[in-house]
1. Segment 86-185: D in µm²/s via Stokes-Einstein (Kirkwood Rh, Cα pairs, 25 °C, 0.890 mPa s)?
2. Express the Stokes-Einstein translational diffusion coefficient of segment 76-118 in µm² s⁻¹, to the nearest whole number, given a Kirkwood radius over alpha-carbon pairs, 20 °C and a viscosity of 1.002 mPa s.
3. Taking the Cβ of T43 as the center, what net charge do the other residues with Cβ under 15 Å away carry, scoring Lys and Arg +1 and Asp and Glu -1?
4. How far, in nm, would the chain grow between D171 and S51 when pulled straight, counting 0.36 nm per residue and subtracting the alpha carbon separation?
5. Please identify which residues in segment 91-109 have an amide N closer than 14 Å to a label point set 7 Å out from the Cα of Y181, following the Cα→Cβ vector.
6. Sequence-distant or interchain residues sharing an amide H contact under 5 Å with G104, placed H: which?
7. For R134 and Q71 in one chain, what is 0.36 nm times their gap in residues minus the Cα-Cα distance, to one decimal in nm?
8. Show log10 I(q)/I(0) for the chain at q = 0.08, 0.09, 0.11, 0.20 Å⁻¹, two decimals, from a solvent-free Debye sum over equal Cα scatterers.
Amino acid sequence: MPLHIPIQRRLRDSTPVELDAMGSHEALAVQAMLNAIIAVGQTYPQEQSLSWTDFTHYWMKGHAFVVRQCQENPINTEKTPEIIGAFYIKPNFPGRCSHICNAGFIVPPEVRRRGIGRLMGEEMLGLARQLGYRAVMFNLVFETNIPSLKLWDSLGFSRLGQIPEAVHLPDGSFVDAVMFYKSLL
């Protein structure tokens, strides 16, 4: 079944954006964005940057998407639009439980607080439905990731539970992680 993409939207500051499938020519940029987020150590469980092989197994196992910042009135149509966000949707579990998906999101620090995460979260729900998933589950949302906690709460996700000291942060401290769930039916 074809997905209803690209999706044209405007951010809170009226910037035009396009949410679309990640092109193969964009994968290296998304890998670099993810590795920059991993290096900070506050939202993803990986401790080391992902090699190309590790990145493709992790990020591109299902469906990968990007948010591109569009030009208001493009003069130079050959200019490549800047990627300002990315996410994947893939099965959270194998086999008989593969109707429950998982998703991972990246918004680089320099473009946060503009509504990119909300846009991706909202559109991910529709895309997951189009892909035939019946539910979404997030296994480890770090309790220090306040924007994500607020976003999933505001989008009607249920908090399934909290995993005590699930995350070992770079400063040596341990923090809890929250598990979220939302039915798509």
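1. 172
2. 167
3. Result for the neighbourhood of T43: -2.
4. That works out to 40.8 nm of additional length.
5. Zone members listed by number: 92-93, 97-102.
6. Y88
7. My answer for the length gained is 19.1 nm.
8. Cα-only, vacuum Debye calculation for the chain: -0.25, -0.32, -0.49, -1.65.
Every number in this text was worked out from the coordinates using simple rules, so none of it is lab data. Nothing here was measured: the structure is a model prediction, and the numbers come from that model. Cβ atoms come from the backbone with ideal geometry, glycine included; neighbour counts cover every protein chain shown.
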